[in-house]
Amino acid sequence: MLFHIVDGLRIGAFNIQEFGKKKVGNETIMKYLAQIAERYDILSVEEIRDSSGKYHPLEKLSNLVKQTSGKQYSTIVSEPLGKDKEQLGFIYRSEISVVKKAVFDYGKPRYFTRDPFLVQFSKLGTQTKEMVLGSVHTKPDKSVTPKEIANLKFVFQFAEKYFNSQNIILMGDLNAGRNYVKDWSEIPIKNDPHVHWLINDHVDTTVGESGQAYDSETAIVHRLFATRNEIVKKDGTYIKTLYQSEKFNSFTISGNGEFMASNLYTCCVKKFDMEGKTKDFLTVAPYRPCSLWTTEEGHTLVAAIHGNNTGSGLVLDLHERGEMICQTQIIRDQFGRGPMRITQNVNGDFCVITTRNDASPDALKIFDRDWNFKGAFFGVNDQFRPLGLCCDKYGNILLANTDYDEVIMLDPTGGFRQLLMTSEDGVNAPRCLVRSPSGEIWMGCENGDIYVFDY
């Protein structure tokens, strides 16, 4: 299952595999499927098995989502397709409208084992007024899959003409992993400048443990970020929503792969498992931990401010097991009131976001490995409240300016380079930034939305 956010719209694709009588009758499976479906505004579903028309799997899933969450969802399903009579469909928020639907038909020869199912949606609640989504499930066969992926160009041509639209996204189970696609150079659409691939080759799109991705290769991840306790790996894949009585304010993955979170109010850093069960890792009272970061060496940096509002702070450098490597005491004059966010650049410099006090506005400040001051950046306008921070592989520093709906690029010394993204690109009160290994920027916003941008 994958997701991408387009203009604030959460869309995804999920091959549920043999979604028919047996799974509909399994309450546990249906409960988990409902939890997944309600994350999305529109979700494409592949491998629906209901050729008899008796079980209506997608309709029953939408009813369950309504029962468990109170959210209203509608469904649309294709006719049985191909020799195996598989159906493709969409489950979507009921306030979204269906304008038109079609099963791909480009005449002879036959281009797909199962023809893609296309639906034009409107009333999306975004600046995009309408969009055509195509549900695709290619045949998993090394002699067939590459041809079917290459034939997607004909689906784009058909959809553009039939729906009179330029907003077209094809999604689903492409079976584009190494087992079925050996040479992408034989598939021209992969490098077509008019086609943008939302899912990078290095993202594992499976839920199994085989290590074989059906749509791409697996990425190694070391960090994560969160908004409203929604956990997202550094490669951008959604992990889980944690429902906690505690209010965690910063997350990371330790050098040995454990999830870690800081609680500003209890002055604790904790480790937790995927069920949300926590154990104490570190207490920094009377300081309050504001930010966590895992370095490339696997160390954990903890940035904290004093609880008495004096503006003093400290930065802890810890081994993955919690042993102290070093502790840096921070004074008010050096940081303003902070440090509130911290990261380490590829050149070893520490980049720190500080908040204002009587003598100092919000700022990004840069220090070398020995904490010697190197430079600072105070924004390009009066509204500067940086809350998100990351560095790219070239050493450029990226700042999310929450109050001005923008992401700013600085050079490694803190000098302004350019506005990387603005509200025109969909930026809305950004609060956190993560760069994926393949180069995309993942941005968490104040309202809980997570956006993905090419970089």
Search result, residues across the stretch 161-176 that are closer than 24 Å to E18 by Cα and either in a loop (DSSP other than H, G, I, E, B) or not assigned by TED's automatic domain parsing to the domain that holds K139 (or both): L174, N175, A176
So is K101 surrounded by 14 or more Cβ atoms within 10 Å (Cβ to Cβ) and modelled with pLDDT under 95 or not? no
So, G444, is that one closer than 19 Å to T294 by Cβ, surrounded by fewer than 19 Cβ atoms within 10 Å (Cβ to Cβ) and either in contact (Cβ under 8 Å) with a residue 60 or more places away in the chain or in the same structural domain as W293 (by TED's automatic domain parsing) (or both) or not? no
Taking into account only those residues within the stretch 43-74 that are part of a strand (DSSP E or B) and in contact with a Gly (Cβ under 6 Å, 6 or more places away or on another chain), which is farthest from S122 (Cα to Cα)? I48
Please verify whether A285 is at pLDDT 85 or above and closer than 23 Å to F377 by Cβ, treating the condition exactly as stated. no
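How many of the residues making up the stretch 278-296 are farther than 25 Å from D349 by Cα and of a type outside the set (V, I, T)?
At the first step, the residues of the stretch 278-296 found to be farther than 25 Å from D349 by Cα are 278-281, 283, 285-286.
Applying the additional criterion that residues be of a type outside the set (V, I, T) yields 279-281, 285-286.
The number of residues fulfilling the criteria is 5.
Okay, residues lined up against (1) modelled with pLDDT under 90; (2) buried (at least 21 other Cβ atoms within 10 Å of the Cβ); (3) more than 24 Å from Q87 (Cβ to Cβ); (4) not polar (S, T, N, Q):
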site	(1), (2), (3), (4)
Y106	yes, no, no, yes
R110	yes, no, no, yes
G125	yes, no, yes, yes
K129	yes, no, yes, yes
V132	no, yes, no, yes
S135	no, yes, no, no
Which one of the conditions (1) over 27 Å from the mean Cα position of the chain (by Cα); (2) within 24 Å of D362 (Cα to Cα); (3) at pLDDT 70 or above; (4) buried (at least 16 other Cβ atoms within 10 Å of the Cβ) does A303 fail to meet, given that it meets all the rest? (1)
Let me confirm something: among Y55, Y73, Y40, which residue is within 30 Å of D425 (Cβ to Cβ) and modelled with pLDDT under 90? Y40
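When only residues in the stretch 43-65 that are more than 24 Å from K139 (Cα to Cα) and touching a Ser or Thr at 6+ places or on another chain (Cβ under 9 Å) count, which is surrounded by the fewest Cβ atoms within 10 Å (Cβ to Cβ)?
Initial filter on the stretch 43-65 (more than 24 Å from K139 (Cα to Cα)): 54-55, 59-65.
Filter once more, so that each one left must be touching a Ser or Thr at 6+ places or on another chain (Cβ under 9 Å): 59, 61-62.
Values: E59: 17, L61: 26, S62: 22.
So, considering only residues that are more than 24 Å from K139 (Cα to Cα) and touching a Ser or Thr at 6+ places or on another chain (Cβ under 9 Å), the one surrounded by the fewest Cβ atoms within 10 Å (Cβ to Cβ) is E59.
Identify, from the list S291, S250, S245, the residue that is among the polar types (S, T, N, Q) and modelled with pLDDT of 80 or more. If you could, list the steps in order and put the result at the bottom.
On the way: S250 fails: modelled with pLDDT of 80 or more; S245 fails: modelled with pLDDT of 80 or more.
From the options S291, S250, S245, the qualifying one is S291.
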Checked G89, G82 against criteria (under 18 Å from V155 (Cα atoms), touching an Asp or Glu at 6+ places or on another chain (Cβ under 9 Å) and exposed (fewer than 15 other Cβ atoms within 10 Å of the Cβ)); the one match is G82
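The values are calculated or read from the model by the stated rules, or taken from the named source; none is laboratory data. Keep in mind that what you see is a predicted model, and the values were worked out from it rather than measured. With ideal geometry, Cβ positions are generated from the backbone for all residues, glycine too; neighbour counts draw on all protein chains shown.
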